[in-house]
Amino acid sequence: MILRDPDNPLFDGNNPPIPEVVHAQIAAMGREFSQQQTEEAYQRVQNLYELKMRVYPEEIEAIAEEIHIQPKTGWDLVSIMITIGPNVLPAAKVILNSPDGRRISSEAGGDSSTDAICSAISEATEIRTFLKDFEFHTISGGTKSLGQAKATVEYHNQQVRTTACSVDMLEAAAKAYLIAINIVLDRINQRLE
């Protein structure tokens with residue numbers, strides 16, 4: 001993705017987000033969203049605007065892409081705590097809300113902070129998947145730029161490719177991995193019905 005001209009945001013200090021403009025931007029992408037998805041997209045754009053006072057069309061596109069691939073039900077990320085440093089094994093603690101409303105906590109170590117997060121999520125959900133590929137890039141410049149994580153996860157020789165975004169790289173990684181698990185669970189549930 002190309003970095004945006006810092007002088008050409010869709011929303012800025014003089015033009016705050018408007019629900020109809022966010023909806024039109026999503027519609028221009030060829031996406032059909034439910035009312036709930038549209039409201040979620042607008043709320044996330046509003047939150048991003050409050051953080052940095054500038055929102056670019058590509059950031060709305062990344063938010064919409066994440067919302068579009070997420071199954072209707074599944075696990076939700078509540079929080080992540082990371083321990084990293086020189087001569088320290090990376091470790092992560094995640095707290096998730098389960099599809100049935102329980103709050104589950106799990107801790108795991110890994111070769112990297114991303115590996116530790118994915119291991120902790122797998123432990124909490126009891127779904128063993130393998131992270132095959134992971135990418136991260138920022139959409140616009142600056143320390144508060146929205147970043148997009150893309151993950152390819154394998155489950156029983158089937159690959160699931162997901163995307164998630166956040167201003168925090170590790171949160172985006174966790175969300176992308178969790179969306180993949182939710183897609184796997186959705187496929188399992190469809191087979192059982």
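For segment 19-69, a simple Cβ point-charge model (Lys and Arg +1, Asp and Glu -1, everything else neutral) yields a dipole of about 140 debye relative to the Cα centre.
The helix-only estimate of mean residue ellipticity at 222 nm for the chain, built from DSSP H runs of length n ≥ 4 each weighted as -39500 (n - 2.57), is -13500 deg cm²/dmol after division by the residue total.
Helix 113-125 and the longest principal axis of the Cα set of the chain meet at an angle near 70°.
With 0.36 nm allotted per residue and the present C-alpha distance subtracted, the N97-S112 stretch has 3.0 nm of extension available.
Averaging the Cα positions of each part gives two centres, and for segment 128-158 and segment 19-57 these lie 21 Å apart. Projected label points at T83 and S34, each 7 Å from Cα along the beta carbon direction, are separated by 4.0 nanometres. Taking the longest Cα principal axis of the chain as reference, the axis of helix 19-28 is set at about 70 degrees.
Among M81, M169, the order by Cβ neighbours within 10 angstrom, fewest to most, reads M81, M169. Looking at the chain as a GNM with Cα springs under 10 Å, which of A151, A172, A24 has the largest mean-square fluctuation? Top of the fluctuation ranking is A24. For E20 and K144, a Förster radius of 30 Å and the Cβ-Cβ distance give a FRET efficiency of 0.75, rounded to the nearest 0.05.
Counting only alpha carbon atoms, the long axis of helix 169-192 and the longest principal axis of the chain meet at about 70°.
For the chain, what relative contact order do you get, as a whole percent, if you take Cα pairs closer than 8 Å and at least 6 residues apart? About 17 percent, as a whole number. Mean projected area of the convex hull spanned by the Cα atoms of the chain, taken over all viewing directions: 12.0 nm².
Using a Gaussian network model of the chain in which every pair of alpha carbons under 10 angstrom is joined by a spring, one finds that among V88, V21, V160 the greatest mean-square fluctuation is at V88. Report note on the peptides 95-102, 51-58, 129-136: ranked by the mean count of other C-beta atoms within 10 Å, highest first, their order is 51-58, 129-136, 95-102.
No value in this document is a laboratory result; all are computed from the given coordinates. Model, not experiment: these values are computed from the prediction. Quick reminder, even Gly has a Cβ in these numbers, built from the backbone with ideal geometry, and neighbours come from all protein chains shown.
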